[in-house]
1. Which of the residues spanning the range 174-210 are in a loop (DSSP other than H, G, I, E, B) and open to solvent by less than 80 Å² (accessible area, probe 1.4 Å)?
2. Does the range 68-89 hold any residues that are within 12 Å of the ligand (Cβ to nearest atom) and open to solvent by 10 Å² or more (accessible area, probe 1.4 Å), and which are they?
3. Give the residues of the range 131-162 that are under 13 Å from the mean Cα position of the chain (by Cα) and of a type in the set (Val, Ile, Thr), sorted by residue number.
4. Could you list, in sequence order, the residues of the range 10-30 that are in contact with a Ser or Thr (Cβ under 8 Å, 6 or more places away or on another chain) and within 15 Å of residue 76 (Cβ to Cβ)?
5. Would you be able to say whether some residue in the range 102-116 is in contact with a Pro (Cβ under 6 Å, 6 or more places away or on another chain), open to solvent by less than 20 Å² (accessible area, probe 1.4 Å) and not acidic (Asp, Glu)?
6. Taking residue 45 as the residue in question, decide whether it is within 24 Å of residue 160 (Cβ to Cβ) and at pLDDT 95 or above.
7. Just checking, how many residues over the range 92-101 are within 10 Å of the ligand (Cβ to nearest atom) and open to solvent by 10 Å² or more (accessible area, probe 1.4 Å)?
Amino acid sequence: MRPAGLDAARARMVRDLARRHPGCEPRVLEAMARIPRHPFVDEALWGRAYDDEALPIGYGQTISRPSTVARMTSALGVGPEDRVLEVGTGSGYQTAVLACLAGRVCSVELLPALAVRARTILDRLGLPGVEVRPGDGSLGWPERAPFDRILVTAAAAEVPRALLDQLAVDGSLVVPVGRGDGQEILLIRRTGPEAWSRRTLEPCRFVPLRAEAGGRSA
Ligand code: SAH
């Protein structure tokens, strides 16, 4: 598809998201109108880059559906001053959307090849304030903590303890939890130094959050 066709497809994608998901934040939709999605997938898939579907990105992983990105990011409620941790960089598309909204984005990806590729694409788009590193994101990024917002884009069996600990007081964590067909997205808020509230948002289907040896969970 030609660049003009991709621009038109992106504008149409955002209009459809606004119509089908009226709860989405306008700021999030504006970010998705700005960030092209096709550079994050193989060129053979560019014709489908603005359809509302997950697409393969290699290594058995997928780029999340645009509606999932829009809904999770809206639920997270990111502000311009926020420091955000993303667990599961994958393609880097969600990272780019977060970078449009937040002051600082720290993203951790288990598979080094994906981390390198995402970083390359993000650099090419020229988004400031983004760091990507390979590693087990279920352990968070202690050197960069605390985080105002944490977004996990792979499904955890249980909410990783390190992420609860690295969340700032009054901060929010959006995380898919569960296995196979039984997954749901949780919105967790840290309400005090030792207090967290949790609310179930909706059913979902994500690839599993895999822990390296030694990962702790709560
Ligand atoms: N937001 C990404 C989603 C990618 S799928 C996108 O839209 O492109 C989830 C990603 O989480 C995969 O790339 C997978 O390798 C990664 N992942 C799985 N377990 C992880 C872990 N423990 N730490 C960091 N990344 C992990």
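1. Filtering the range 174-210 for residues in a loop (DSSP other than H, G, I, E, B) gives 178-179, 183, 193-194, 204-207, 209-210.
Listed by number, the residues that qualify are 178, 183, 204, 206, 207, 209.
2. Passing the criteria: 68, 88.
3. Going through the range 131-162, the residues under 13 Å from the mean Cα position of the chain (by Cα) turn out to be 132, 137, 149-155.
Passing the criteria: 132, 150, 152, 153.
4. Applying the first criterion (in contact with a Ser or Thr (Cβ under 8 Å, 6 or more places away or on another chain)) to the range 10-30 yields 17, 20-21, 23-25, 28.
Selection gives 21, 23, 24, 25, 28.
5. The answer is yes; a qualifying residue exists.
6. Numbers: within 24 Å of residue 160 (Cβ to Cβ): no; at pLDDT 95 or above: yes.
Spelling it out, it is not the case that residue 45 is within 24 Å of residue 160 (Cβ to Cβ) and at pLDDT 95 or above.
7. Selection size over the range 92-101: 1.
This table checks each residue for (1) among the aromatic types (Phe, Trp, Tyr); (2) touching a helix residue (DSSP H, G or I) at 6+ places or on another chain (Cβ under 9 Å).
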position	(1), (2)
122	no, yes
126	no, no
129	no, yes
147	yes, yes
153	no, yes
172	no, yes
175	no, yes
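The values are calculated or read from the model by the stated rules, or taken from the named source; none is laboratory data. Since the model is a prediction, treat every value here as computed from it, not as a measurement. Heads up, the Cβs are rebuilt from the backbone with ideal geometry, glycines too, and the neighbour counts pull from every protein chain shown. Ligands, DNA and RNA are stripped out before the accessible areas are found, and what is left, the full protein with its side chains, is counted by its heavy atoms. Shrake-Rupley method; radii C 1.70, N 1.55, O 1.52, S 1.80 Å.
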